[in-house]
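Quick notes on the structure that follows.
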Amino acid sequence: MHTGPTNTLTDVRGIRVGHHQVCGDGWLTGTTVVLTPGGGAVGGVDVRGGGPGTRETDLLDPRNHVERVDAIALCGGSAYGLAAADGVMQRLGAAGRGVVVGPRSGDTVPIVPAAVIFDLGRGGEFTRRPDAGFGAAAFDAAMSEAGAGPVPQGAVGAGTGAVAGGLKGGVGSASVLLSGGTTVAALVVVNAVGATADPMTGELYGARFGLPGEFGLTVPSEGPLPGSGSAPALATTIGVIATDATLTKAQCAKVAGVGHDGLARAVRPVHSMFDGDTLFSLATGAEPGPDPAALHELLTAAADCVSRAVVHAMLAAVTVTTPAGTWPAYRDVYPSAFAGT
């Protein structure tokens with residue numbers, strides 16, 4: 001196995017990603033939009049956290065009617081941030097995308113499942129949170145030329161105000177090209193009550209699942225995690241797993257569920273009552289459907305991509321200070337981990 005060209009979610013052909021964020025003047029939050037190809041992608045979801053904030057997840061139940069989704073919105077702002085999905089729907093509706101519900105051109109309802117992280121107040125003002133304008137701006141970014149390129153990572157989009165175990169979190173992504181030619185990739189917004197690094201050694205839990213040469217980290221020499229920063233009272237890690245394989249809704253649900261295994265390898269503890277951990281899955285259908293052995297390989301890769309994406313999020317994060325506090329980046333707390341890079 002090896003990574004795709006960019007080692008990010010957009011290595012799945014037809015997937016586009018856009019971020020929008022605002023920092024300063026009380027703001028520290030944003031929105032990330034994952035756009036599917038024209039005609040949509042088969043979708044799935046698995047919600048494991050005890051405090052989720054979601055939209056249109058029941059629609060993705062394999063027992064229900066609609067097969068394909070047009071976009072996924074990942075948002076800051078806790079439940080308030082679900083409003084960002086409205087802006088994505090408005091853009092898609094104007095383009096005529098969605099489920100046809102009437103006889104006239106444009107009589108469509110775009111399908112935009114969404115999930116949120118808790119980052120309220122981290123910029124200093126509790127009322128600074130995403131709205132429909134954030135979703136529209138992130139959609140526009142996804143539709144730009146950059147939207148099909150490498151996914152920006154770290155404190156961007158929905159990861160702008162993310163914190164994980166007292167360290168600065170953010171957006172991370174990873175991909176892999178399987179032996180049969182299928183691509184699997186993940187994008188994760190890491191914002192957890194739990195830690196992503198062993199508090200005694202500083203080693204990132206998910207780093208052991210990297211592909212050869214992917215991280216190049218060494219065991220830090222700084223020792224136990226310093227006391228700077230503080231773990232959030234409320235959190236939530238969310239993300240999207242995508243593949244170009246042809247999958248059913250039930251198989252997509254399985255991909256999302258196994259993706260949580262990857263999250264559990266990279267965050268400890270995970271799925272707490274203070275997290276709303278949610279993973280979506282998308283299958284574009286550009287490649288054939290897998291046989292049982294190939295499905296097993298795809299599921300294994302999905303979990304590993306989630307673990308690797310968590311590591312990339314932590315490595316891309318930068319230290320952030322606002323009136324609400326300081327959240328140090330892993331790079332600043334454990335500089336010796338990068339001695340071999």
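The values are calculated or read from the model by the stated rules, or taken from the named source; none is laboratory data. What you see is a predicted model, and the numbers here were worked out from it, not measured in a lab. Glycine gets a Cβ as well: all are built from the backbone with ideal geometry, and neighbour counts include every protein chain shown.
With 194, 202, 170, 223 as the choices, which residue is under 24 Å from residue 3 (Cβ atoms) and of a type outside the set (A, V, I, L, M, F, W, C)?
On the way: 194 fails: under 24 Å from residue 3 (Cβ atoms); 202 fails: under 24 Å from residue 3 (Cβ atoms); 223 fails: under 24 Å from residue 3 (Cβ atoms).
Exactly one residue qualifies, and that residue is 170.
Hey, among the residues in the stretch 283-302 that are part of a helix (DSSP H, G or I) and touching a Gly at 6+ places or on another chain (Cβ under 7 Å), which one's surrounded by the fewest Cβ atoms within 10 Å (Cβ to Cβ)?
First pass over the stretch 283-302, keeping only residues part of a helix (DSSP H, G or I): 292-302.
Now restrict to residues that are touching a Gly at 6+ places or on another chain (Cβ under 7 Å): 294, 302.
Values: 294: 17, 302: 27.
Once the filter is applied, the top-ranked residue is 294.
How many of the residues in the stretch 20-49 are at pLDDT 95 or above and either of a type in the set (A, V, I, L, M) or more than 19 Å from residue 322 (Cβ to Cβ) (or both)?
At the first step, the residues of the stretch 20-49 found to be at pLDDT 95 or above are 20-37, 40-48.
Those left that are additionally either of a type in the set (A, V, I, L, M) or more than 19 Å from residue 322 (Cβ to Cβ) (or both): 22, 28, 32-37, 40-48.
Residues in the stretch 20-49 being at pLDDT 95 or above and either of a type in the set (A, V, I, L, M) or more than 19 Å from residue 322 (Cβ to Cβ) (or both): 17 in total.
Within the set of pairs 6 or more residues apart or between chains, which connect a residue that is free of Cβ contacts under 8 Å to residues at least 60 places away in the same chain inside the stretch 252-280 to a residue that is part of a loop (DSSP other than H, G, I, E, B) with Cβ atoms less than 6 Å apart?
264/270
Filter the stretch 199-216 down to the residues that are touching a strand residue (DSSP E or B) at 6+ places or on another chain (Cβ under 7 Å) and of a type in the set (A, V, I, L, M), then identify the one that is surrounded by the fewest Cβ atoms within 10 Å (Cβ to Cβ).
Of the stretch 199-216, the ones touching a strand residue (DSSP E or B) at 6+ places or on another chain (Cβ under 7 Å) are 203-205, 211.
Checking which are of a type in the set (A, V, I, L, M) leaves us with 204, 211.
Details: 204: 24, 211: 15.
Going through the qualifying residues, I end up with 211.
So, in the stretch 112-141, how many residues would count as being within 17 Å of residue 92 (Cβ to Cβ), surrounded by fewer than 24 Cβ atoms within 10 Å (Cβ to Cβ) and among the small types (Gly, Ala, Ser)?
5
Just give me the residues in the stretch 22-59 being closer than 25 Å to residue 272 by Cα, among the hydrophobic types (A, V, I, L, M, F, W, C) and surrounded by fewer than 24 Cβ atoms within 10 Å (Cβ to Cβ), in sequence order.
Within the stretch 22-59, 47, 59 meet the criteria.
One residue is enough: does the stretch 191-198 have a residue meeting the conditions touching a residue at least 24 places away in the same chain (Cβ under 8 Å) and surrounded by fewer than 24 Cβ atoms within 10 Å (Cβ to Cβ)? Break it down into steps so the answer makes sense when it comes.
From the stretch 191-198, those touching a residue at least 24 places away in the same chain (Cβ under 8 Å) are 191-197; that's our starting set.
If we keep only those that are surrounded by fewer than 24 Cβ atoms within 10 Å (Cβ to Cβ) too, we end up with 194-195.
There is at least one residue in the stretch 191-198 that is touching a residue at least 24 places away in the same chain (Cβ under 8 Å) and surrounded by fewer than 24 Cβ atoms within 10 Å (Cβ to Cβ).
If a residue has to be surrounded by 23 or more Cβ atoms within 10 Å (Cβ to Cβ) and either in a loop (DSSP other than H, G, I, E, B) or of a type in the set (D, E, K, R) (or both) to count, how many in the stretch 305-322 make the cut?
Number satisfying all stated conditions: 2.
When the stretch 251-272 is examined, which residues are found to be in contact with a strand residue (DSSP E or B) (Cβ under 8 Å, 6 or more places away or on another chain) and in a helix (DSSP H, G or I)? Let's see the steps before the verdict.
Let us first name the residues in the stretch 251-272 that are in contact with a strand residue (DSSP E or B) (Cβ under 8 Å, 6 or more places away or on another chain), namely 251-257, 259-260, 262-263, 266-268.
Within the stretch 251-272, 251, 252, 253, 254, 255, 256, 257, 259, 260, 262, 263, 266 meet the criteria.
What is the one condition in (1) part of a strand (DSSP E or B); (2) out of contact with any helix residue (DSSP H, G or I) (no Cβ under 6 Å at 6 or more places or on another chain) that residue 279 does not satisfy?
Of (1) part of a strand (DSSP E or B); (2) out of contact with any helix residue (DSSP H, G or I) (no Cβ under 6 Å at 6 or more places or on another chain), only one is false for residue 279: (2).
Quick check: is even one residue across the stretch 169-190 more than 21 Å from residue 304 (Cβ to Cβ) and modelled with pLDDT of 95 or more?
Within the stretch 169-190, none of the residues are more than 21 Å from residue 304 (Cβ to Cβ) and modelled with pLDDT of 95 or more.
Could you grab me the full set of residues in the stretch 309-333 that are closer than 19 Å to residue 199 by Cα and among the polar types (S, T, N, Q)?
Residues satisfying the conditions are 319, 326.
Considering each of 77, 96 in turn, give the residue that is under 26 Å from residue 10 (Cβ atoms), surrounded by 21 or more Cβ atoms within 10 Å (Cβ to Cβ) and not hydrophobic (A, V, I, L, M, F, W, C).
Numbers: 96 fails: surrounded by 21 or more Cβ atoms within 10 Å (Cβ to Cβ).
That would be 77, the only listed residue that is under 26 Å from residue 10 (Cβ atoms), surrounded by 21 or more Cβ atoms within 10 Å (Cβ to Cβ) and not hydrophobic (A, V, I, L, M, F, W, C).
Can you pull out every residue in the stretch 52-78 that is out of contact with any strand residue (DSSP E or B) (no Cβ under 7 Å at 6 or more places or on another chain) and at pLDDT below 95?
65
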